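**Student:** Take this structure, written in structure tokens, and hold onto it; I'll ask about it next.
Rule-based calculations on the coordinates, nothing more; no lab input. Keep in mind that what you see is a predicted model, and the values were worked out from it rather than measured. Ideal geometry is used to build each Cβ from the backbone, glycine not excepted, and the neighbour counts take in all protein chains shown.
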Amino acid sequence: MFPEPDAGLFEVYEWSLSRDGFAVDDIAHAFGFTDPDASEAIVATLLGLQLIRPSHDRDAWFVPADPSIASANLLTRSELELLERKQATGRLRNDLARLSLLFRSSKFGSQYTNSFDIVQVPETIELLLSESAANSSDEIVCMQPRSEWPAENLVEARARDFHRPDTGVPMRVLYQHAARFDTPTREHAGRLVESGVEVRTAGALFGTMFIFDRTAAYILANGEDGGALVVQERSLIDFLYSCFEHVWATAKEFDTGRAETDLISNDMKKEIVRMLISGAKDEAIARRLGVSVRTCRKHIGQVMQMFGATSRFQFGYLVKEANLAEDV
């Protein structure tokens, strides 16, 4: 670490620039310091900051140095040290957060009442999910409202399915209907079904969620910053589980060996009609259907073409006039 600048330090440096050099006593003389230690302290600090250097030609004589060199030597090194400490602190914070969650889910932490945590680091989230899955004995349920996943995200999805047939722990997964039209997701769902996982699809899901043994729930953020809310409060977990059950009861079985694209496509069109009438924007409709905005706009164009509409206003009028919203 570099020394903390003293009061008047930079004024002394500016004063030295107009001289050929100076001694410690010259500072006291020029600035009226009565305490000789004050001048020595300023010289020591200027040396520590590399703003002055001893003269090569004269003993106990100092000359100014280039501050840009001091900046490169001191600040860059200090910034790197600060970054390293920040990274180490972040790793320790997430390790402690992970251990805290594991502790409170153990028999030793039952008396603790703090049942909510936010975890930001993706690697920590994955580790927590894997550990919760490994410790599950009753049931795992997943809600994943995404389709058209890039290949790297599908690898992540496989890591999060957590199903191990040898453990006998049942698992249920909910996707959106749009997943049936995405080939990688459809193939992935087929492998899950073959391994004994129950997979269904629904028209709209409210978020990415995992529940393990109804004792721990993870709600994953969909924004750029990512992160996850970890819930261990039983009443809220029961509520989230009931939401899952409500959607599961009306969801359609994902039979990857049978083509149901027409039926599912009609369900998606009905949802598009309802949201268009309500004035929802393309981005909101895409999020609800679990498709990209580009695919969503393609579906919207097909639905509007069915009614012969050239604008959304005309589309809304035609649908309401004919009372056909439920018959799409």
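**Student:** Which cross-chain or sequence-distant (5 or more) residues have an amide H under 5 Å from the amide H of residue 61, H modelled 1.01 Å from N in plane?
**Tutor:** Here 55 satisfy the definition.
**Student:** Continuing with the same structure: Between residue 100 and residue 250, what FRET efficiency comes out of the Förster formula 1/(1 + (r/R0)^6) with R0 = 51 Å and r the beta carbon distance, rounded to 0.05? Display every interim value, and only then the final one.
**Tutor:** Details: r = 38 Å, r/R0 = 0.74.
Approximately 0.85, to the nearest 0.05.
**Student:** Here's another thing I want to ask about it. Multiply the residue gap between residue 71 and residue 55 by 0.36 nm, knock off their C-alpha separation, and tell me the result in nm, one decimal place. Intermediate results must be reported in sequence, preceding the final value.
**Tutor:** Values: separation 16, 0.36 × 16 = 5.76 nm, distance 2.09 nm.
In short, 3.7 nm is gained.
**Student:** Taking R0 as 41 Å, what FRET efficiency do you get between residue 91 and residue 313 from their Cβ-Cβ distance, rounded to the nearest 0.05?
**Tutor:** 0.15
**Student:** Would you pull out the residues with amide H under 5 Å of residue 208's amide H, same chain only if 5 or more places away, H placed 1.01 Å from N?
**Tutor:** Under 5 Å from the amide H of residue 208: 220.
**Student:** Once label points are set 7 Å from the Cα along Cα→Cβ at both residue 79 and residue 294, what is their separation, rounded to one decimal in nm?
**Tutor:** Between residue 79 and residue 294, the simple spin-label model gives 3.8 nm.
**Student:** Follow-up question, since we're still on this one. For the ranges 203-214, 48-59, what's the packing order if you count other beta-carbon atoms within 10 Å of each residue, average per peptide, and put the highest first?
**Tutor:** 203-214, 48-59
**Student:** Another question, if that's okay. R0 = 30 Å: FRET efficiency of residue 195 with residue 236, Cβ-based, nearest 0.05?
**Tutor:** Efficiency computed from Cβ-Cβ geometry: 0.50.
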